[in-house]
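Participant: Can you keep this structure in mind? I'll have questions shortly.
The values are calculated or read from the model by the stated rules, or taken from the named source; none is laboratory data. Fair warning: this is a prediction, and the values are worked out from it, not measured in the lab. Cβ atoms come from the backbone with ideal geometry, glycine included; neighbour counts cover every protein chain shown. Side chains included, ligands, DNA and RNA excluded: accessible areas come from the protein's heavy atoms. Shrake-Rupley method; radii C 1.70, N 1.55, O 1.52, S 1.80 Å.
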Amino acid sequence: MSCGQRIYSAAYIMPSAGNVFGHPLKHQNHLRILAHLVDQNYPSRLTNCKTMSEAFTLLLSVPSVGPFLSYQFATDLNYSTLTNFSEDEFVVAGPGALDGINKCFLSASKIDPADIIRYMRDNQERHFADEEIKFQKLWGRPLQLIDCQNLFCEVSKYARVAFPEFDGLAGRKRIKQKFISAGSLPVPWYPPKWDLNGRIAEQSFA
């Protein structure tokens, strides 16, 4: 930081936790959060959780972590070997997804957003066929609940440009930053429990 370099990018929403731990800089408070997680034995408590919903509730008890981040963290941790919850069990719609859902469906506010996301996951094949969309899956892996949640969030962003007349729930108009290519992408690597990396390697050397 003293050299003028940033240690956070615009891609991540993180709790500031300044109101909890009182440090002036965000990273100082984040280090305090990590120390708190270790002191309160969160790793072991997380591995003892039986469901993603239970893990979500545990993470929600972390100072300054709200519902959206609790779900995102539970999902990210489940990509590791620390937990092995079903990805089809539980979903929480974040602010962006709520806005995207509102822009996609009339009277969306009358239906639980989680049910809408679950419907999209359960009926993806039928709707792809109806719309004649040749959707390229991840080597046979269909869209999961977290994927559908994220897609609604992306719809919210795209609609700000394509359909600016629709305010949605958030009423946001600005795109934080535009995509600038940084060159070719590296070979993708996925959580080993998905059993995809071997197939990617086979394709790369084919």
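Participant: First measure r as the distance between the Cβ atoms of Asn197 and Leu31, then evaluate 1/(1 + (r/R0)^6) with R0 = 45 Å and state the FRET efficiency to the nearest 0.05.
Facilitator: 0.90
Participant: Pop out the ³J(HN,Hα) list for region 97-111 in order, Karplus 6.51 cos²θ - 1.76 cosθ + 1.60 with θ = phi - 60°, rounded to Hz; leave Gly and Pro as x.
Facilitator: After applying 6.51 cos²θ - 1.76 cosθ + 1.60, I find 5, 4, 5, x, 4, 4, 7, 8, 10, 6, 6, 5, 5, 7, 10 Hz.
Participant: If packing is taken as the mean number of other Cβ atoms within 10 Å per residue, what is the order of 182-189, 95-102, highest first?
Facilitator: On the way: 182-189: 7.4, 95-102: 22.9.
The most tightly packed comes first, giving 95-102, 182-189.
Participant: Please give, to one decimal in nm, the separation of the simple spin-label points placed at Ser181 and Tyr42, each 7 Å out from Cα toward the Cβ.
Facilitator: For the pair Ser181/Tyr42, the computed spacing is 3.9 nm.
Participant: What shape does the chain take by its C-alpha gyration tensor, where a ≥ b ≥ c are the square roots of the eigenvalues and a/c under 1.5 counts as rounded, a/b above b/c as prolate, and the rest as oblate?
Facilitator: Because its axes are fairly even, with a/c under 1.5, the chain counts as rounded.
Participant: State the percent of C-alpha pairs, over all pairs in region 79-151, separated by a distance greater than 17 angstrom.
Facilitator: When all Cα pairs of region 79-151 are counted, 50 percent exceed 17 Å.
Participant: Another question, if that's okay. Between region 53-103 and region 175-205, how far is it from one alpha carbon centroid to the other, in angstrom?
Facilitator: Centre-to-centre (Cα) distance: 23 Å.
Participant: Using bins 5 angstrom wide from zero, how does P(r) for region 134-206 break down, in % of all Cα pairs?
Facilitator: 3, 11, 15, 15, 17, 15, 12, 7, 4, 1
Participant: When the accessible area of region 42-197 is computed with all protein chains present and a 1.4 Å probe, what percentage of it is carbon and sulfur? Could the numbers behind the result be given before it?
Facilitator: Values: 5840 of 9890 Å².
Summing carbon and sulfur atoms, their accessible area is 59 percent of the total for region 42-197.
Participant: In region 42-96, how does Rg compare with the Kirkwood Rh, expressed as the Rg/Rh ratio over alpha carbon atoms?
Facilitator: 0.93
Participant: Among 65-72, 32-39, how do they line up from the highest to the lowest mean number of other beta-carbon atoms within 10 Å?
Facilitator: Order by mean packing, descending: 65-72, 32-39.
Participant: In terms of Cα to Cα distance under 24 Å, which lysines are near enough to Lys157, apart from those fewer than 8 places away along the same chain?
Facilitator: Lys103, Lys110, Lys134, Lys137, Lys173, Lys176, Lys178
Participant: Per residue, how large is the accessible surface of region 149-206? Use a 1.4 angstrom probe and give square angstrom.
Facilitator: On the way: 4860 Å² over 58 residues.
Heavy-atom SASA per residue in region 149-206 reads 84 Å².
Participant: Would you mind working out the accessible area per residue for region 20-108, using a 1.4 Å probe, and quoting it in Å²? Please list the in-between numbers first.
Facilitator: Working: 4600 Å² over 89 residues.
Heavy-atom accessible area per residue stands at 52 Å².
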